[in-house]
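Asks: Here it is, the structure in full.
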Amino acid sequence: METLAEQLYALTPKEFEHAVAELFRAQGYQAIVSGGRNDRGVAIHLKRDGQKAAVQCKRYKQPITPAQIREFAGAMGEAAADHGYFVTTSSFTRMARAAAKNSSVTIQLIDAAALGQRAGQIGWSWAKCGVKIAAWFSFFATNGSRIKG
């Protein structure tokens, strides 16, 4: 049985960004996907209740490093974001977690398991995101508590 991270990694980078944007929309955010080579370090721009947030999405197998967290923190400043979310299909090194915690900006780290939990907490169906994504979320709904990210 594939892990949650493997299921997410099966999406293209663009599909992953759009799936993450849909999750934030389901939580009441306005979400604009700007991902790609020229995203200036922010894949998704969020707005809700007068607050601006930035999201970086990394569809990676290797863990996220402190340098990537610091780069995102800088991009958040350029985007004038009040806070940020770093979302990945992999995990975060201990040092990356420390970099986020010690950053001058607030960055919430979301790995594959946390992404699945977040979707489960709001009881949201991702079926409208596309065939691959819908198949994955049907899988998660059935196997969620047994999946290891």
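The values are calculated or read from the model by the stated rules, or taken from the named source; none is laboratory data. In this text the structure is predicted, and so the values were computed from the model without any measurement. Cβ: placed from backbone, ideal geometry, glycine included. Neighbour counts: every protein chain shown.
Asks: Report whether or not GLN68 is polar (S, T, N, Q), under 20 Å from ASP39 (Cβ atoms) and part of a helix (DSSP H, G or I).
Replies: yes
Asks: Identify all residues within the range 92-149 that are assigned to a loop (DSSP other than H, G, I, E, B), among the small types (Gly, Ala, Ser) and at pLDDT 80 or above; write none if there are none.
Replies: Listed by number, the residues that qualify are SER103, SER104.
Asks: Moving to a separate point now. Just to be sure, is ALA26 under 17 Å from ALA119 (Cα atoms) and either touching a Ser or Thr at 6+ places or on another chain (Cβ under 6 Å) or not polar (S, T, N, Q) (or both)?
Replies: yes
Asks: Does the range 47-55 contain at least one residue that is within 22 Å of SER104 (Cα to Cα), of a type in the set (Val, Ile, Thr) and not in a helix (DSSP H, G or I)?
Replies: For the range 47-55, residues within 22 Å of SER104 (Cα to Cα), of a type in the set (Val, Ile, Thr) and not in a helix (DSSP H, G or I): present.
Asks: Out of the residues in the range 52-79 that are more than 21 Å from LEU115 (Cα to Cα) and at pLDDT below 95, which is surrounded by the most Cβ atoms within 10 Å (Cβ to Cβ)?
Replies: ALA79
Asks: Would you confirm, using the coordinates I've provided, whether GLY36 is among the small types (Gly, Ala, Ser) and at pLDDT below 95?
Replies: yes
Asks: So which of ARG59, ARG48, ARG97 is more than 19 Å from GLY28 (Cβ to Cβ) and free of Cβ contacts under 8 Å to residues at least 24 places away in the same chain?
Replies: Of the residues listed, the single one that is more than 19 Å from GLY28 (Cβ to Cβ) and free of Cβ contacts under 8 Å to residues at least 24 places away in the same chain is ARG97.
Asks: Identify all residues within the range 106-115 that are buried (at least 16 other Cβ atoms within 10 Å of the Cβ), without any contact (Cβ under 8 Å) to a residue 40 or more places away in the chain and over 10 Å from the mean Cα position of the chain (by Cα); write none if there are none.
Replies: Result: ILE107, single match.
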